[in-house]
Amino acid sequence: MPVATAVNKLVWRHRAPRRQLALWVSWFALVSLFVFCWRVMTKDTMWSFVWDAPRQAADISDRMFPPALRYFPELLAPLWDTINIATLGTLIAIVIAVPVAFLAARNTTPSPRMVRPLALLTIVASRSINSLIWGLLLVTIVGPGVFAGVIAIALRSIGFIAKLLYEAIEEIDASQVDAITATGASRLQVLDYGVVPQVLPAFAGISVFRWDINIRESTVLGLVGAGGLGLKLQASLNTLAWSQVTTILLVIFATVAVSEWISARVRHAVI
Amino acid sequence: MPESNAARASPEIGPNAITARIWRRPPLIHNRTLRWACGAGAFMYLTLALASLHINWRRVYDGIERGWRLIQGFLVPDFLSRWGDIAVGMQESLTMTVTSTLVGVLISVPIGIGAARNIAPLPIYFLCRGIIAVSRSLQEIIVAIFFVAMFGFGPFAGFLTLSFGTIGFLSKLLAEDIEDIDESQAEAIRATGAGWWQLVNYGIQPQVMPRLLGLSCYRLDINFRESAVIGIVGAGGIGATLNTAIDRYEFNSAGAILILIIAIVMMSEYFSGYARKWVQ
């Protein structure tokens, strides 16, 4: 136990001296790193804008209320688009992600040396690019609109679904697979009767969870031109129509809350 | 396989199969009407959704050539001709990530403690849970729009956005962690007559510290990813550089930036996983 001697009496201390020193050194390093990063980050900051912020905030919130409720009917079509972007994107992602997951899982991949790394690379590439960046790229490629949003959501979701699904596949109970194999089933039949029933609940949970995230993301995809509520948000921001912005934000909140509720219910039912 | 499945499937086979009972896979939804309703509903939704998609195939066809150029940009990335812009963007993103994570962690520790039901009084608990709920329900990109409008363009707005996001994420997980601690250790400290601060310092902090460090590393990783996105709405960082490159159709530079983002994300994911293993 770390102790210190004070007038021939042992006193308990929280940490040993060496550990205490290490702690102080790491705190010092952290603070220096922070100061250095702060100075680099703020070297071009216009401080007059920063000090002006409370006034700007008051001004904006003044313009935001009351929300322009009359604007609401115009948001129904974009809301429908947003839901379609999330749902169709999730469906496309599922179709691609399921085979990728089976190729990536250690116990179902046809070749751990050749195919598995490729599948893992697909997953990592899809996961490390945010759907807004995918949207940005796809709007330049296929043009602005809902279609770009669907593909952007799909590309981002492939990695997510495939990663969680292949982890679920690797965790299955091997004895069931052995039992099916012992009946003389072919490779595909083993997958169909031994593996799929075990991962089906996890798969349903993952898909609905991703759909919920996708609803959230598709509400802002329009900021880069990929359709949905974000387009209206961008338009209102550009025209400084802050009361319309409030209405849009309220609609986004409500949509996200409903989708979270649905997803929680479904996951509760299947798991 | 449970026998009940065979029993349930057998009446559907028909009179000719009485002699040999054939096993059938149990359906996903047992109620037949519900099954049909779900199928029909899904079909109707898909028809309506696809009909409202309005794909401009001509535009998509034109886009194939651009998509090809983008892939070429990936294969032949051009780091040099926009290197100045890329370096500034990266520098902003990285510094923004570090400062916002540190500030976010510092603020979320008291809020996390306040949001733990076992050590905080009820009014403070509701206040802190409220802060967490607000921070978690607002999407980062929307927060960024507001901070840019208030604080002007540049990484300072991004720094505020990411700090704000960090608070919701870390405080919630920290609070849940504090609620899950081993009560007997806290009880032992309380039994010595320790005050509230001493309880937090000696009874709770040692138990949650490894996970707090791990979560902070994880959040550092998330903040870098987010810093690549919020630049699109003007909050500085590599996202702004990427946006400019794509707007100018400079696909080789865009490819270079994307490769850098993927490389850093993979590196930080690897290191944060390693760091989390090390502290736990």
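The values are calculated or read from the model by the stated rules, or taken from the named source; none is laboratory data. No experiment lies behind these values; they were computed from the predicted model shown. Neighbour counts are summed over all protein chains in view; Cβ atoms, including those assigned to glycine, are modelled from backbone coordinates with ideal geometry.
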Residues in region A:151-158: is at least one hydrophobic (A, V, I, L, M, F, W, C), out of contact with any strand residue (DSSP E or B) (no Cβ under 8 Å at 6 or more places or on another chain) and outside any helix (DSSP H, G or I)?
no
Counting just the residues of region B:188-207 that are among the aliphatic types (A, V, I, L, M) and closer than 20 Å to B:Pro121 by Cα, which one comes out surrounded by the most Cβ atoms within 10 Å (Cβ to Cβ)?
B:Ile204
State yes or no: is B:Val103 closer than 21 Å to B:Leu162 by Cβ, modelled with pLDDT under 90 and not polar (S, T, N, Q)?
no
Only one of B:Ser10, B:Ser52 is away from chain A (no Cβ under 14 Å) and either surrounded by 13 or more Cβ atoms within 10 Å (Cβ to Cβ) or modelled with pLDDT under 85 (or both). Can you tell me which?
B:Ser10
Residues of region B:76-93 classified as in contact (Cβ under 8 Å) with a residue 24 or more places away in the chain, more than 14 Å from chain A (Cβ to nearest Cβ) and either on the phi > 0 side of the Ramachandran plot or assigned to a helix (DSSP H, G or I) (or both), total:
1
Taking A:Ala179, is it part of a helix (DSSP H, G or I) and away from chain B (no Cβ under 12 Å)?
no
All helices (runs of 4 or more DSSP H) inside region B:179-274 with 1 or more residues being in contact (Cβ under 8 Å) with a residue 60 or more places away in the chain and facing chain A (nearest Cβ under 10 Å):
B:205-230, B:238-247
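Residue-wise test of (1) at pLDDT below 90; (2) among the basic types (Lys, Arg).
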{"site": "A:Ile161", "(1), (2)": "no, no"}
{"site": "A:Gly225", "(1), (2)": "yes, no"}
{"site": "A:Leu229", "(1), (2)": "yes, no"}
{"site": "A:Ala257", "(1), (2)": "yes, no"}
{"site": "A:Arg265", "(1), (2)": "yes, yes"}
Restricted to region B:119-172 and to residues being under 21 Å from B:Leu212 (Cα atoms) and among the charged types (D, E, K, R), the residue surrounded by the fewest Cβ atoms within 10 Å (Cβ to Cβ) is B:Arg136
Considering only residues that are in a helix (DSSP H, G or I), facing chain A (nearest Cβ under 9 Å) and under 13 Å from B:Ser227 (Cα atoms), which ones fall in region B:141-156?
B:Ile141, B:Pro155, B:Phe156
With respect to A:Thr82, is the statement that it is over 15 Å from A:Ser236 (Cα atoms), touching a Pro at 6+ places or on another chain (Cβ under 9 Å) and assigned to a helix (DSSP H, G or I) true?
no
Picking from A:Pro110, A:Pro54, the residue that is loosely packed, with under 15 Cβ neighbours inside 10 Å and either touching a Pro at 6+ places or on another chain (Cβ under 6 Å) or not in a helix (DSSP H, G or I) (or both) would be A:Pro110
Exactly one condition in (1) surrounded by fewer than 20 Cβ atoms within 10 Å (Cβ to Cβ); (2) within 30 Å of A:Gln234 (Cβ to Cβ); (3) in contact with a helix residue (DSSP H, G or I) (Cβ under 6 Å, 6 or more places away or on another chain) is not met by A:Thr122; state its number.
(2)
I need every pair where a residue in region A:143-159 that is more than 16 Å from A:Ile83 (Cβ to Cβ) and modelled with pLDDT of 90 or more has its Cβ under 8 Å from the Cβ of a residue that is among the charged types (D, E, K, R) and surrounded by fewer than 24 Cβ atoms within 10 Å (Cβ to Cβ), sequence separation at least 6 or different chains.
A:Arg156/A:Arg127; A:Gly159/A:Arg127
Examine region A:129-150 for a residue that is under 29 Å from A:Ile172 (Cα atoms) and either at the interface with chain B (Cβ under 8 Å from one of its Cβ atoms) or not in a helix (DSSP H, G or I) (or both), and state whether such a residue exists.
no
Condition first: surrounded by 11 or more Cβ atoms within 10 Å (Cβ to Cβ) and in a loop (DSSP other than H, G, I, E, B). Can you find one or more residues in region B:61-75 that meet it?
no
